[in-house]
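The values are calculated or read from the model by the stated rules, or taken from the named source; none is laboratory data. Being a predicted model, the structure only gives us computed values, none of them experimental. Counting neighbours? That spans all protein chains shown, and the Cβs are built from the backbone with ideal geometry, glycine included. When the accessible area is computed, the model is the full protein with side chains, heavy atoms only, and any ligands, DNA or RNA have been set aside. Shrake-Rupley method; radii C 1.70, N 1.55, O 1.52, S 1.80 Å.
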Amino acid sequence: MTAQNIVINSLEFARKSHAIHDTIAATQLTRLKERLASDAGSLDWSLAGEVSASGELALNFELKGMLTVPCQRCLEPIQLDLNIKSKFILVKDESEISLEDEEMDDKDYLVASEEFDVMQLVEDEILLAIPYATMHDIKDCPAKDRLSELKAPHPFASLKDFKAVKN
């Protein structure tokens, strides 16, 4: 079974408390390729089914690893450490999600499927975890010297000289 072909029946998977884990190379993340600075890196992930005491079916997802993305300030590579933990409550359809639950951030829901694409979930979670504009800390950024050169003077800086002359 390759990382691209993992399809499960999500209800049965959760009901039987199955678990799978794998390692995916950065090169296998097709929707993420444009956002990577390098194909180097791999990510370890796992998915485990669960039945709560109240009978609620859920999927627990975990992912750890490192990706190399470009710094949006200097465009040099930056290592992004990912450590994702998510729990998804399975529902048969979207009508089972109340509006109150939908507005709360503490619960995530997934519509159950007989042909659930696990790799799509893995890639979705990675895309959601990557910051929109990843940047080095300013003190560590290779562009910090260029930034200080380009920094425009404060618009009221010349008033300081004017005040000194007037006294």
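Taking the protein heavy atoms of the range 12-64 in the context of the full set of protein chains, the accessible area attributed to carbon and sulfur is 46 percent at 1.4 Å.
With contacts taken as Cα pairs under 8 Å at a separation of at least 6 residues, the range 1-79 carries a relative contact order of 28 percent.
Among 67-80, 127-140, the peptide with the highest mean count of other Cβ atoms within 10 Å heads the list, and the full ranking is 67-80, 127-140. The length gained by stretching the chain between Tyr109 and Arg31 to full extension, at 0.36 nm per residue less their Cα-Cα distance, is 25.9 nm.
For the residue pairs Lys16/Lys87; Lys64/Lys87; Lys16/Lys92; Lys16/Lys64; Lys64/Lys92; Lys64/Lys85, alpha carbon separations beyond 20 Å are given by Lys16/Lys64; Lys64/Lys92.
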